[in-house]
Amino acid sequence: MLTDDELQRYSRQIGPGVLSRQGQERLRESSVLVTRAGGMGGPAALALTTAGVGRIVLAHGGRMITPDLNRQILGSEATVGEFRAPHFADYLRSMNRYVEVEPLDHEPDDDEALEIAARVDAVLSCPPTFDERLRLSRAAVDTSTPLIDAAQWGMMGTLIVVDPSRTACLRCVYPQEPPFEELFPVVGAISAAIGSLAALEAIKILSGCGEPIFGKMLMYDGFRGRASQIDLRRDPQCPVCGDAR
Ligand SMILES: [Zn+2]
């Protein structure tokens, strides 16, 4: 049961066209893995925290650096040089006392991704590397956990939402890995936009309210100001989610 204080806190998001009270309660009973907590994962984790998701596992290695400042909202100039995950977790806790935050000071490897995916209700994937995105997609498929994959380049962002029991996984969408670019360009406004939309998909999935865009890719070309959505086809031969695996 939600307390009176919680009902007051969430009063603007409970009602017609938003969440039901039961949906808000389901949100509080839910847990999410967010990795990583950068320009996309940071705003996503903040939106999940303020919305009242019960538990957030926040994975991000390393210390905050000056080039993070064009898009990082969980840290500040004062945080540069500090370890990201514990600091960001403290900030999130300060935003909502009802949310438990479990910081992880590194990116999960295959085994850890599987272990965490098995104990959360959704995986929100925001890494810059394709290796990590595929790892999280595999873990989501193997544990039947819904996946929201958020990605960005420049002023372009993409969102893929996967129901592992029936829709295309990331490997179906990208049979070949694109080459990795270490310091690719990115504008903070597109990171925050895509991260927030990723959080919204997670909120819909966890609360059971609204319509998640399972099986689709949403693309926003911010350079030209164009949004588009395409249906994704599951590949029966896919080595990750296909029929023969
Ligand atoms: Zn697949």
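Since every read-out is calculated from the coordinates, none of them should be taken as a lab result. Keep in mind that what you see is a predicted model, and the values were worked out from it rather than measured. Don't worry about glycine lacking a Cβ; one is built from the backbone with ideal geometry, like all the others, and counts go over all protein chains shown.
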HN-Hα J in Hz across the stretch 66-75 - Karplus 6.51, -1.76, 1.60, θ = phi - 60°, x for Gly and Pro: 4, x, 5, 5, 6, 8, 7, 9, 8, x
Potential extension, ASP243-MET1 segment - 0.36 nm per residue separation minus Cα distance: 83.0 nm
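How would the stretch 17-231 be classified by its alpha-carbon gyration tensor: rounded, prolate or oblate, with rounded meaning a/c under 1.5 and the a/b versus b/c comparison settling the rest? All intermediate terms of the calculation are to be shown ahead of the outcome.
On the way: a/c = 1.27, a/b = 1.03, b/c = 1.24.
Cα axes put the stretch 17-231 in the rounded bin.
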Under the Karplus curve 6.51 cos²θ - 1.76 cosθ + 1.60, θ = phi - 60°, whole-Hz ³J(HN,Hα) for the stretch 222-238, x wherever Gly or Pro sits: x, 5, 9, x, 10, 10, 8, 9, 10, 7, 9, 9, 6, 8, x, 8, 4
Long-range amide H partners of MET155 with built H, under 5 Å: PHE223
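Please find the FRET efficiency linking ASP231 to THR50, where r is the Cβ-Cβ separation and R0 is fixed at 25 Å, and quote it to the nearest 0.05.
0.20
For ARG166 and GLN8, what is the calculated FRET efficiency with R₀ set at 41 Å and r taken between the beta-carbons, to the nearest 0.05? Let's see the in-between values first.
On the way: r = 38 Å, r/R0 = 0.94.
Calculated transfer efficiency: 0.60.
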Table column - 3J(HN,Hα) (Hz), the stretch 22-35, Karplus curve with 6.51, -1.76, 1.60, x for Gly and Pro: 5, x, 5, 5, 4, 4, 5, 8, 9, 9, 9, 9, 10, 8
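Report the relative contact order of the stretch 68-166, percent, no decimals, based on alpha-carbon pairs under 8 angstrom and at least 6 residues apart. Could you put the intermediate results ahead of the total?
Values: 107 pairs, mean separation 17.5, N = 99.
Relative contact order, the stretch 68-166: 18 percent.
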Label-point gap, in nm, between GLU115 and VAL80 - each point 7 angstrom along Cα→Cβ: 3.5 nm
Stretchable slack from ASP131 to GLN22, in nm (0.36 nm times residue separation minus alpha-carbon distance): 35.5 nm
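What percent does the relative contact order of the stretch 142-244 come to when contacts are Cα pairs within less than 8 Å and at least six residues apart? Walk me through the numbers on the way to the answer.
Values: 161 pairs, mean separation 35.5, N = 103.
Reported as a whole number, the value is 34 percent.
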Average Cα contact separation per residue, the chain, under 8 Å, 6 or more apart, as relative contact order %: 20 percent
Ranked packing of 48-57, 4-13, 81-90, most packed first, by mean Cβ within 10 Å: 48-57, 81-90, 4-13
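Where does each of MET95, MET64, MET217 land when they are ranked from fewest to most other beta-carbon atoms within 10 angstrom?
Values: MET95 13, MET64 23, MET217 18.
So the ranking, lowest neighbour count to highest, is MET95, MET217, MET64.
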Point-to-point label distance, ARG97-LEU183, nm (Cα→Cβ direction, 7 Å offset): 4.3 nm
Within the chain, helix-based [θ] at 222 nm, where runs of 4 or more DSSP H residues each add -39,500 (n - 2.57), nearest 500: -10500 deg cm²/dmol
Residue of ALA193, ALA168, ALA140 that the Gaussian network model of the chain assigns the largest fluctuation, springs spanning Cα pairs under 10 Å: ALA193
